[in-house]
Each structure stands twice: as C-alpha cells, then as structure tokens.
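Novice: Got a structure for you, questions after.
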Amino acid sequence: MARTLIFLMMTFVTILPYYSVLAYCFYNKMSDATEVSIVQVEGQLKTTLISSISFEHFNMPPGSKECCPYTDNECSREKKQDSTCKFLLSYRKGPNKPDTKKQAGRAVIGSCGGYITATGTYDSFSYQVYDENNKQIASGP
C-alpha cells in the first residue's frame, strides 16, 4: 500500500510540470484589503443579441482567484490559448470602507490561456499580465 502511494505521488509530481493551463485566471494579490473587480469585455462568444458577459467578478478580496477555461467559447471565442481577451479592472478599498469611491476601470488585454495578477495597495495599485507560457507581456499602474 505504501509503495503504491509513493509511486502515485512520484508520478503526479513528474507529470505536474507538463500540465498546461486550461483557463485564463485572475488573482487578487493585493497586500492590503483592496478588493478588485474584473469583467471580460471582448474575446468571448456572445450568444445573444444583447451582450452577455460570462466572466465578471466583483469586489474580490485579497487572496482570491477566478478562472474561465479557454476551451469554453463563453470565455474564448476561438477556444485557443493564444487568442486575445480584453478585460476591465477596477478596485476599491476593502469592505469596511464602503464610502471609498471605486477607481475607474482599466482596459487590460491578455491571452485567453494566460493570467492577470493585481498587486500592491489601494494607493499603489498595479497589475501584471502573463501569456500562456508564463511570460509577462504587460503591466500597468
């Protein structure tokens, strides 16, 4: 039993580096209580005449993440990792600061197989965009 468990664990650890990301993800890595909102505005297949948004997450607390698989055309119209997606990012001070005005949205373009991280603090907000190969392709304040 123990040998089987060790074999399975070694197999998993060996395969893990070759596993490819099947979704674009957004990570809130803010170092204070800043909440971040993200909405995908381009790159997905719109299934109705009225624009439908399948990836929208509001007031995400630090430490949270949300993902959407590029293999789903509601996340990536072409179902390809290197397809382009466009998002709007905005942020506000944490839940105990409801009177704080939300900062205007920033348009962020990324890869449908990549990810975006929000870092810093409310007063020093920044974001980084990575492609499907973990290469940073953009950043901003």
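The values are calculated or read from the model by the stated rules, or taken from the named source; none is laboratory data. Remember, predicted model here, so these are calculated numbers, not experimental data. Note that we place each Cβ from the backbone using ideal geometry, even for glycine, and neighbour counts take in every protein chain shown.
Novice: Which number in (1) free of Cβ contacts under 8 Å to residues at least 60 places away in the same chain; (2) in a strand (DSSP E or B) marks the one condition that residue 80 misses?
Specialist: Failed condition: (2).
Novice: Examine segment 96-108 for a residue that is touching an Asp or Glu at 6+ places or on another chain (Cβ under 8 Å) and either in a loop (DSSP other than H, G, I, E, B) or surrounded by fewer than 16 Cβ atoms within 10 Å (Cβ to Cβ) (or both), and state whether such a residue exists.
Specialist: No: zero hits.
Novice: Can you tell me which residues in segment 106-129 are under 12 Å from residue 27 (Cβ atoms) and touching a residue at least 40 places away in the same chain (Cβ under 8 Å)?
Specialist: Selection gives 114, 115, 116, 117, 118, 119.
Novice: Same structure again: Quick check on this structure: which one of 75, 85 is in contact with a Ser or Thr (Cβ under 9 Å, 6 or more places away or on another chain), farther than 15 Å from residue 35 by Cβ and outside any loop (DSSP other than H, G, I, E, B)?
Specialist: Going through 75, 85 in turn, the sole match is 85.
Novice: When both residues are 6+ apart or on different chains and their Cβ atoms are under 7 Å apart, which pairs have a first residue that lies in segment 58-74 and is more than 11 Å from residue 44 (Cβ to Cβ) and surrounded by fewer than 14 Cβ atoms within 10 Å (Cβ to Cβ), and a second that is of a type in the set (S, T, N, Q) and modelled with pLDDT under 95?
Specialist: 58/37
Novice: Among the listed residues 128, 136, identify the single one that is modelled with pLDDT of 95 or more and either surrounded by fewer than 13 Cβ atoms within 10 Å (Cβ to Cβ) or within 14 Å of residue 60 (Cα to Cα) (or both).
Specialist: 136 is the lone residue from the list that is modelled with pLDDT of 95 or more and either surrounded by fewer than 13 Cβ atoms within 10 Å (Cβ to Cβ) or within 14 Å of residue 60 (Cα to Cα) (or both).
Novice: Right, here's the next one. Restrict the check to segment 109-121 and report whether at least one residue is part of a loop (DSSP other than H, G, I, E, B), out of contact with any helix residue (DSSP H, G or I) (no Cβ under 6 Å at 6 or more places or on another chain) and surrounded by fewer than 18 Cβ atoms within 10 Å (Cβ to Cβ).
Specialist: no
Novice: Sticking with this structure for a sec: Filter segment 29-71 down to the residues that are within 17 Å of residue 127 (Cβ to Cβ), assigned to a loop (DSSP other than H, G, I, E, B), at pLDDT 90 or above and not hydroxyl-bearing (Ser, Thr, Tyr) and list them by number.
Specialist: Correct list: 32, 61, 62, 63.
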